[in-house]
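Everything below concerns the one structure shown next.
The values are calculated or read from the model by the stated rules, or taken from the named source; none is laboratory data. What you see is a predicted model, and the numbers here were worked out from it, not measured in a lab. Note that we place each Cβ from the backbone using ideal geometry, even for glycine, and neighbour counts take in every protein chain shown. For accessibility, only protein heavy atoms count, side chains too; no ligands or nucleic acids. Shrake-Rupley method; radii C 1.70, N 1.55, O 1.52, S 1.80 Å.
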Amino acid sequence: MKQRHSEMRKITSSRDAWEISQGIWPEPIDYRECFLMLLLSRANKLLGYHTVSIGGLAGTVADPKLIFQVALTGNACSIILLHNHPSGNLQPSDADIKLTRKLKSAGDFLDLPIVDHLIVSADGYYSFADEGNLS
């Protein structure tokens with residue numbers, strides 16, 4: 001059943017995105033690394049979510065082509081990226097930072113901005129946007 005636009009949840013902060021992640025994570029969050037994305041409307045209302053990949057204990061693949069394919073076909077106006085570290089460490093790795101910059105650049109080119117990238121756990125999260133690392 002389709003949801004009315006007025007009934008869609010509005011994402012106003014990184015905490016909103018983290019709370020949503022807790023209800024949609026495909027596995028126990030401390031088991032394997034997963035990469036998900038939230039699709040947002042122009043008004044930052046949640047259009048849907050997509051599991052980009054489920055990996056192993058030490059990593060997962062986030063293919064930029066697949067991420068933007070889903071966003072474009074889902075009529076998203078912006079995207080929030082989410083992934084976990086099974087270790088519970090919320091600090092971004094060099095690979096996380098590099099991937100985020102690459103995806104942000106592609107999103108800017110497509111006029112489909114990456115508004116945040118969260119590293120999530122059951123107990124908290126790290127927000128690239130809140131920490132000023134979404135550049």
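Quick notes
- Largest first, the extents of the alpha carbon coordinates of the chain on the three principal axes equal 38, 31, 25 Å.
- Carbon/sulfur fraction of accessible area - the chain, other protein chains in place, 1.4 Å, %: 51
- Of every Cα-Cα pair in the stretch 1-80, the percent that sits beyond 23 Å: 22
- The stretch 40-82 - percent relative contact order, Cα under 8 Å, separation 6 or more: 48
- Whole-Å distance, taken between Cα centres, linking the stretch 93-135 and the stretch 30-58: 12
- Peptides 80-87, 122-129 ranked from most to least packed by the mean count of surrounding Cβ atoms within 10 Å: 80-87, 122-129.
- Between residue 93 and residue 30, full extension at 0.36 nm per residue minus the direct alpha carbon distance yields a gain of 21.0 nm.
- Contour minus Cα-Cα distance for residue 61 and residue 111 (0.36 nm per residue): 15.7 nm
- Annotation: peptides 89-100, 38-49, ranked by per-residue average of other Cβ atoms within 10 Å with the highest first, follow the order 38-49, 89-100.
- Taking every C-alpha pair closer than 8 Å and separated by at least 6 residues, the mean separation divided by the residue count of the chain gives a relative contact order of 24 percent.
- For the stretch 58-123, the pair-distance distribution built from all alpha carbon pairs, in bins 10 Å wide starting at 0, is 19, 53, 25, 3 percent.
- Rolling a 1.4 Å probe across the protein heavy atoms gives the chain an accessible surface of 55 Å² per residue.
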